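Take this structure first; my questions come after.
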Amino acid sequence: MSLLKVENLTVRYGAIEALRNVSFEVNEGEIVTFVGSNGAGKTTTMRTLSGIVRAASGRMQFKGTAIESLPSHQVVKLGLVQSPEGRLVFPDLSVRENLLLGAFARRASHAELNRELENVFELFPRLQERLKQDAHTLSGGEQQMLAIGRALMAKPSLLLLDEPSLGIAPLLVQQIFQKIVELNKKEGMTVLLAEQNARMALKIAHRAYVLEVGEIVQQGDAQVLLKDERLQKAYLGG
Ligand SMILES: Nc1ncnc2c1ncn2[C@@H]1O[C@H](COP(=O)(O)OP(=O)(O)OP(=O)(O)O)[C@@H](O)[C@H]1O
Ligand SMILES: [Mg+2]
């Protein structure tokens with residue numbers, strides 16, 4: 001079943017057309033990835049879904065609800081939650097405060113919040129060890145864990161992950177990708193992943209879309225695309 005359906009999305013920043021007639025969908029239970037180079041429009045797509053950037057035209061339906069004109073907090077309430085590129089944790093708040101803010105839109109009970117925190121700690125034990133530390137004192141990788149953990153606190157039915165591998169050591173990237181697969185398999189969480197590390201993203205994804213300067217130029221089964229000659233040349237260093 002289609003959880004998210006996007007049709008003919010066009011986004012402009014002044015004279016720059018960042019997305020042109022982009023259409024895609026994400027089905028329940030899928031990991032879908034957007035592959036594309038710098039400036040292709042991956043972050044713009046996510047920011048538009050989250051209601052941070054407004055589309056010039058096009059339709060976006062999440063769980064059957066039109067979300068084009070919803071404010072961000074309403075989108076989050078519906079279960080569409082983004083872990084932003086460049087982490088963007090609140091620097092002067094502690095790890096614990098950052099995590100709790102993730103659940104802000106849910107008005108969950110104290111017991112529920114504690115349960116969610118436990119879930120996040122199970123995924124990222126490091127965060128538990130750093131609970132009282134200010135977010136800006138965390139390492140880059142730890143901040144990335146925090147950003148993902150904060151998104152998880154909102155109990156998303158669709159998690160948008162923008163470049164989770166950015167600036168992170170390869171070993172940790174692998175761990176984070178493993179966690180993504182785990183969340184998808186165990187909790188049935190649907191994931192939309194934007195990544196420049198196309199190989200890693202395709203390996204864990206079910207389906208993929210290739211974005212080039214604002215347009216979708218290729219799409220299909222991720223494992224098939226992983227072997228695609230054109231894609232190998234352009235994005236997979238082979
Ligand atoms: N606020 C903005 N104002 C003007 N132009 C913007 C703005 N944000 C993005 N752009 C432009 O829109 C295009 C798409 O950018 P976007 O950030 O979506 O790309 P991306 O695929 O996420 O790239 P990267 O892999 O480098 O993160 C780029 O040409 C960028 O310069
Ligand atoms: Mg980006």
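Cβ contacts < 8 Å: first residue of a type in the set (A, V, I, L, M) and modelled with pLDDT of 95 or more, restricted to segment 16-35; second residue near ligand 1 (Cβ under 10 Å from one of its atoms) and assigned to a loop (DSSP other than H, G, I, E, B), any location; separation 6+ or different chain. Result?
Ala18/Gly41; Ala18/Gly214; Leu19/Gly41; Leu19/Gly214; Val22/Gly41; Val22/Gly214
Taking segment 108-126, which residues are open to solvent by less than 60 Å² (accessible area, probe 1.4 Å) and either aromatic (Phe, Trp, Tyr) or within 17 Å of Lys186 (Cβ to Cβ) (or both)?
Matches in segment 108-126: Glu116, Val120, Phe121, Leu123, Phe124.
Condition first: open to solvent by 10 Å² or more (accessible area, probe 1.4 Å) and either within 11 Å of ligand 2 (Cβ to nearest atom) or in a helix (DSSP H, G or I) (or both). Now tell me which residues in segment 15-40 satisfy that.
Ala18, Ser37, Asn38, Gly39
Here is a check on your reading of the model: is Thr43 assigned to a helix (DSSP H, G or I), touching a residue at least 40 places away in the same chain (Cβ under 8 Å) and either on the phi > 0 side of the Ramachandran plot or not small (Gly, Ala, Ser) (or both)? Outline the logic, then answer.
Working: assigned to a helix (DSSP H, G or I): yes; touching a residue at least 40 places away in the same chain (Cβ under 8 Å): yes; either on the phi > 0 side of the Ramachandran plot or not small (Gly, Ala, Ser) (or both): yes.
Taking the combined requirement at face value, the residue satisfies it.
Within segment 127-159, can you find the residues that are surrounded by fewer than 16 Cβ atoms within 10 Å (Cβ to Cβ), without any contact (Cβ under 8 Å) to a residue 24 or more places away in the chain and either part of a loop (DSSP other than H, G, I, E, B) or not polar (S, T, N, Q) (or both)?
If the condition is that a residue be surrounded by fewer than 16 Cβ atoms within 10 Å (Cβ to Cβ), without any contact (Cβ under 8 Å) to a residue 24 or more places away in the chain and either part of a loop (DSSP other than H, G, I, E, B) or not polar (S, T, N, Q) (or both), then Glu129, Ser139 are the ones that fit.
For every residue, the table says whether it meets (1) of a type outside the set (A, V, I, L, M, F, W, C); (2) open to solvent by less than 10 Å² (accessible area, probe 1.4 Å); (3) part of a strand (DSSP E or B); (4) under 30 Å from Arg12 (Cα atoms).
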residue	(1), (2), (3), (4)
Val173	no, yes, no, no
Phe177	no, yes, no, no
Leu183	no, no, no, no
Leu192	no, yes, yes, yes
Val210	no, yes, yes, yes
Ile216	no, no, yes, yes
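Here is a further query. Report whether or not Ala66 is on the phi < 0 side of the Ramachandran plot, more than 16 Å from ligand 2 (Cβ to nearest atom) and loosely packed, with under 14 Cβ neighbours inside 10 Å. Step through it out loud before you land on a result.
Numbers: on the phi < 0 side of the Ramachandran plot: yes; more than 16 Å from ligand 2 (Cβ to nearest atom): yes; loosely packed, with under 14 Cβ neighbours inside 10 Å: yes.
For Ala66, the condition - on the phi < 0 side of the Ramachandran plot, more than 16 Å from ligand 2 (Cβ to nearest atom) and loosely packed, with under 14 Cβ neighbours inside 10 Å - is met.
Restricting the search to segment 4-14, which residues are in a strand (DSSP E or B) and surrounded by fewer than 21 Cβ atoms within 10 Å (Cβ to Cβ)?
First, pick out the residues of segment 4-14 that are in a strand (DSSP E or B): 4-13.
Once the filter is applied, which keeps residues that are in a strand (DSSP E or B) and surrounded by fewer than 21 Cβ atoms within 10 Å (Cβ to Cβ), segment 4-14 yields Lys5, Glu7, Asn8, Thr10, Arg12, Tyr13.
The values are calculated or read from the model by the stated rules, or taken from the named source; none is laboratory data. Predicted model, so just to flag it, every value in this text is computed and none were measured. Every residue, glycine as well, gets a Cβ built from its backbone with ideal geometry; the counts of neighbours run over all protein chains shown. The protein model used for the area step is the full one, side chains on, heavy atoms only, and it has no ligands, DNA or RNA in it. Shrake-Rupley method; radii C 1.70, N 1.55, O 1.52, S 1.80 Å.
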